[in-house]
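This report refers to the structure that appears directly beneath it.
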Amino acid sequence: RMAEAPPSYCFVAFPPCSKEGLVVFGKNSARPRDEVQEVVYFAAAEHEPGSKVECTYIEIEQVPRTHAVVLSRPSWLWGAEMGANEHGVCVANEAVVTREPASESEALLGMDLVRLGLERGATAKEALDVIVALLEEHGQGGNYYEDGSSCHTFQSAFLIVDRNEAWILETSGKYWAAEKITEGVKCICNQLSLTTKIDAEHPELRNYVKSQGWWNGDSDFNFSEVFSLADDHLACCSGRESLEKQGGDVSAQAMIDVLRDKDSGVCVDSESFLTTASIVSVLPQDPSFPCIHYFTGTPDPSRSIFKPFIFVDDVKSVPKVQSPSFGNDDPAKKVPRFQEKPDRRHELYKAHEWARSLLENDQDKGQKLMRIMLDLEKQGIEAMEDILSRTEILDPAEVVDLFYDCVDTELKFFK
């Protein structure tokens, strides 16, 4: 039996579906239930010629300069499930199963490619070019989970967004196709979605699938029909309707509401999988306004709050949403890997565990706490909307502690 891909959902809304002048991006990261996600910031950096970068499993050539990035990532790996860079590029990935078995050999993970695209691409298209070039050079493969007993491997799909456009990139091994989006609402989840509208592709893609006997070259080339297993390529996006219903009003709040919706299946809470972290980004099409990225840093968005982050120089680091570091002793870095599982919970994660038990054991107290939390979140969203409606340029000093203060305030409520 092929491993079931975790049902994460990613969305992007452009005008006319989103609020005037805004591109809104969101993702729920569905992962194994007990996995911890952390939120980490890396400043822009210059690198010596010839230096290398150690990704989750393999080392590759570093580039002369990497952009500043903020990432939400399973804390055992190098890459990220989703994140953004200082140029207003957002990338999220999805694990997908195609008719081609994913490689167990350690190479780049789809999650490594998310981070590499963000660190090296100043636009969505540049990030796409970076990802496909690295796929060609290094391939994708290796265990997607921190699991010493079996290897879970997947192919990757990506949603890559900037202030002007989005690209849906779907891959199988080193082969790929991509579609460019500039309006309306788009959703991707853990199955292939590209059909016949392909705006860029691997130069050998069509020859390869002909040589495999998957396409005769006469019919329209439909990427998901050619690469999906049997009837897997169904429209999967239950959240899209909710966003389209907003009728030109999709905002950060509307995206958050969709990500919290358990009935639609967008907020995953099943026997094997949980939404372990979420992100919503608001990218103003006018570059004089800052992009705003909201992270939960904790599982289950229906019980978490979205806290804003804005890129400025010397942004304050937030150790309370960072997992402990085990250096070279980390079982994820030793071969054979994952022989034990260290405790990767960060302070905010632990506080949430306490709050969850409160919600389950004392409903009145729990719901009261949740109301206070949501009120706090609403204040944060309103303050950000205020920043986006101003005429004067944002003073960086005003937001250098923004994410730090939000996490700190949240923790105080749990004390």
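The values are calculated or read from the model by the stated rules, or taken from the named source; none is laboratory data. Computed from a predicted structure; not experimentally measured. Cβ: placed from backbone, ideal geometry, glycine included. Neighbour counts: every protein chain shown. To get the accessible areas, we keep the full protein, side chains included, count just its heavy atoms, and leave off ligands, DNA and RNA. Shrake-Rupley method; radii C 1.70, N 1.55, O 1.52, S 1.80 Å.
Given contacts defined as C-alpha pairs under 8 Å and at least six residues apart, what's the relative contact order of region 183-340, whole-number percent?
Result for region 183-340 is 14 percent.
Taking the Cα centre of the chain as origin, sum charge times position over the Cβ atoms of Lys and Arg (+1) and Asp and Glu (-1), and report the length of that vector in debye to the nearest 20.
About 640 debye.
Through the Karplus equation 6.51 cos²θ - 1.76 cosθ + 1.60, θ set to phi - 60°, convert the phi angles of region 145-157 into ³J(HN,Hα) values in whole Hz; use x for Gly and Pro.
Karplus values, whole Hz, x for Gly and Pro: 10, 7, 9, x, 8, 7, 9, 9, 10, 9, 8, 10, 10.
With every protein chain kept in place and ligands, DNA and RNA left out, what is the accessible area per residue of region 9-414? Probe 1.4 Å, answer in Å². Show your work: numbers first, answer last.
Working: 16630 Å² over 406 residues.
Accessible area per residue: 41 Å².
Under 8 Å for C-alpha pairs, at least 6 residues apart: give me the relative contact order for the chain, rounded to a whole percent.
Reported relative contact order: 18 percent.
Between region 1-47 and region 157-178, how many Å separate their Cα centres?
Here the two parts' Cα centres lie 13 Å apart.
Please work out whether the chain counts as rounded, prolate or oblate from its C-alpha gyration tensor, where a ≥ b ≥ c are the square roots of the eigenvalues and a/c under 1.5 means rounded, while otherwise a/b larger than b/c means prolate and anything else oblate?
Here the chain falls in the rounded category.
For the chain, set up a GNM with springs between Cα atoms under 10 Å and report which of Cys189, Cys151, Cys17 has the largest fluctuation.
Cys151
Here is the link list: Lys174/Lys320; Lys27/Lys316; Lys316/Lys412; Lys19/Lys412. Which ones come out longer than 29 Å on Cα distance?
Working: Lys174/Lys320 38 Å; Lys27/Lys316 24 Å; Lys316/Lys412 18 Å; Lys19/Lys412 33 Å.
Checking Cα-Cα distances, Lys174/Lys320; Lys19/Lys412 exceed 29 Å.
By the gyration tensor of its Cα atoms, with a ≥ b ≥ c the square roots of the eigenvalues, what is the shape of region 279-415: rounded for a/c under 1.5, prolate for a/b over b/c, or oblate?
Since a/c reaches 1.5 but b/c is at least a/b, the shape of region 279-415 is classed as oblate.
Considering only the other residues whose Cβ falls under 10 Å of the Cβ of Tyr145, what net charge follows from Lys and Arg at +1 and Asp and Glu at -1? Let's see the in-between values first.
Details: positive: Arg31; negative: Glu35, Glu146, Asp147.
That works out to -2.
Long-range amide H contacts for Val250: which residues qualify at under 5 Å (H placed 1.01 Å from N, peptide plane, sequence gap of 5 or more or a different chain)?
Under 5 Å from the amide H of Val250 lie the amide H atoms of Ser18, Lys19, each far enough along the sequence or on another chain.
For region 392-402, in order, what is each residue's ³J(HN,Hα) by Karplus, 6.51 cos²θ - 1.76 cosθ + 1.60 with θ = phi - 60°, in whole Hz (x at glycine and Pro)?
Karplus-based 3J(HN,Hα) across region 392-402 equals 7, 5, 5, 7, x, 4, 5, 10, 5, 9, 3 Hz.
For Gln379 and Arg99, what does the FRET efficiency come to when R0 = 51 Å and r is the distance between their Cβ atoms, rounded to the nearest 0.05?
In this case the efficiency is close to 0.55.
For the chain, with a Gaussian network of springs between Cα atoms less than 10 Å apart, report the residue from Ser150, Ser278, Ser75 with the top mean-square fluctuation.
Looking only at Ser150, Ser278, Ser75, the largest GNM fluctuation is found for Ser150.
What relative contact order, as a whole-number percentage, does region 104-228 give when Cα pairs under 8 Å and 6 or more residues apart are counted? Intermediate results must be reported in sequence, preceding the final value.
Details: 192 pairs, mean separation 22.4, N = 125.
Value for region 104-228: 18 percent.
Net charge near Ser272, counting Lys/Arg +1 and Asp/Glu -1 over other residues with Cβ under 9 Å of its Cβ?
Numbers: positive: Arg33; negative: Glu4, Glu271.
Here the charged neighbours net out to -1.
Pick out which of Asp300, Asp162, Asp330 has the largest mean-square fluctuation in a Gaussian network model of the chain, springs linking Cα atoms closer than 10 Å.
With Cα springs under 10 Å in the chain, the top fluctuation among Asp300, Asp162, Asp330 is at Asp330.
For the chain, take the longest principal axis of its alpha carbons; what is the angle in degrees between that and the long axis of helix 363-389, to the nearest 10 within 0 to 90?
80
Using only DSSP helix segments of four residues or longer, with each worth -39500 (n - 2.57), what per-residue ellipticity at 222 nm results for the chain after dividing by its residue count and rounding to 500? Display every interim value, and only then the final one.
Values: 9 runs with 109 residues, N = 415.
After summing the helix terms and dividing by residue count, I get -8000 deg cm²/dmol.
Check Phe309: other-chain or 5+ apart residues with amide H under 5 Å from its amide H, H built from backbone geometry?
Residues meeting the amide H criterion: His293, Tyr294, Phe295.
Between beta-carbons, use under 11 Å as the cut-off and find the net charge around Ile188, counting Lys and Arg +1, Asp and Glu -1.
With Lys, Arg at +1 and Asp, Glu at -1, the neighbours total 0.
Report, for the chain, the % of DSSP beta bridges that are antiparallel, rounded to 5.
95
First compute the accessible area of region 304-415 with a 1.4 Å probe, then give the percent of it belonging to carbon and sulfur atoms. Show your work: numbers first, answer last.
On the way: 3190 of 6550 Å².
Whole-percent figure for carbon plus sulfur exposure: 49.
In whole Hz, with x marking every Gly and Pro, tabulate ³J(HN,Hα) for region 217-228 from phi via Karplus 6.51 cos²θ - 1.76 cosθ + 1.60, θ = phi - 60°.
Residue by residue, region 217-228 yields x, 8, 7, 4, 7, 10, 4, 6, 5, 5, 9, 7 Hz.
Once amide H atoms are built 1.01 Å from N in the peptide plane, which residues 5 or more positions from Thr298, or in another chain, come under 5 Å H to H?
Excluding prolines and chain starts, which carry no amide H, the hits are Ser278.
Tell me whether region 1-107 comes out rounded, prolate or oblate; compute the Cα gyration tensor, take square roots of the eigenvalues as a ≥ b ≥ c, and use a/c under 1.5 as the rounded threshold.
oblate
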